[in-house]
Amino acid sequence: MSDQVEPADAARALSEIGRRREQVIRRKVFPGWFWWAQAVLTVALTAAIESQRGVLIGIGITLFAAGSLVINVPVSRAARAAPPHRSLASQPGSARKTLLGLATFMVVLLGVALATGLSLGAAGVPYPGTIAAAVASVVFAVGGPMGVRAEQAMLVRRAGSQG
């Protein structure tokens, strides 16, 4: 009896490991509806605040907080279910690229919201904050999944190079 592994068996095993690694990396932590639900909550909160009515502001804050908790439950569960191995994120430049991408996305969202809100406010358009929140929320709901896919692609490439 030999303890040697046949090259074909080793190749199949490594291929399966690579396939499962990619499956973990590409798992859906953020369901498609998450981005739009968060966008709706943000617009609703902004509208409540911009109404300048104490009761509406209270209701808006309460709905935003409760809604955020509810929509984040499946995201938290999915993130804990099978986190990628730390070595994927610990390679040189990986965390920096991720943080830079996230910071850039946040700056774009803030820039869109501020430019829209200030422009509409200067033009005398009613509820400029709510409209600006709606515009920035659409950018968030469209750009968020794109950013997640880019991060996943980077991790898959990195995992393949380890491999």
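Structure notes:
- Selection from the range 107-119 of residues that are open to solvent by less than 50 Å² (accessible area, probe 1.4 Å) and either outside any helix (DSSP H, G or I) or farther than 14 Å from E50 by Cα (or both): L109, G111, V112, A113, T116
- Filtered residue count, the range 132-148, keeping only those that are of a type in the set (A, V, I, L, M, F, W, C) and within 15 Å of F30 (Cβ to Cβ): 5
- In the range 85-94, the count of residues that are open to solvent by 50 Å² or more (accessible area, probe 1.4 Å), at pLDDT below 85 and within 16 Å of the chain's Cα centre (by Cα) is zero.
- Qualifying residue in the range 115-133 (condition: out of contact with any Ser or Thr (no Cβ under 8 Å at 6 or more places or on another chain), aliphatic (A, V, I, L, M) and within 25 Å of F34 (Cβ to Cβ)): no
- Any hit, the range 20-36, residues being more than 19 Å from the chain's Cα centre (by Cα) and modelled with pLDDT of 95 or more: no
- Test: residue in the range 58-81 that is under 15 Å from the mean Cα position of the chain (by Cα), at pLDDT 95 or above, under 28 Å from Q152 (Cβ atoms) and of a type in the set (S, T, N, Q): yes
The values are calculated or read from the model by the stated rules, or taken from the named source; none is laboratory data. What you see is a predicted model, and the numbers here were worked out from it, not measured in a lab. Virtual Cβ from ideal backbone geometry, glycine too; neighbours counted across all protein chains shown. To get the accessible areas, we keep the full protein, side chains included, count just its heavy atoms, and leave off ligands, DNA and RNA. Shrake-Rupley method; radii C 1.70, N 1.55, O 1.52, S 1.80 Å.
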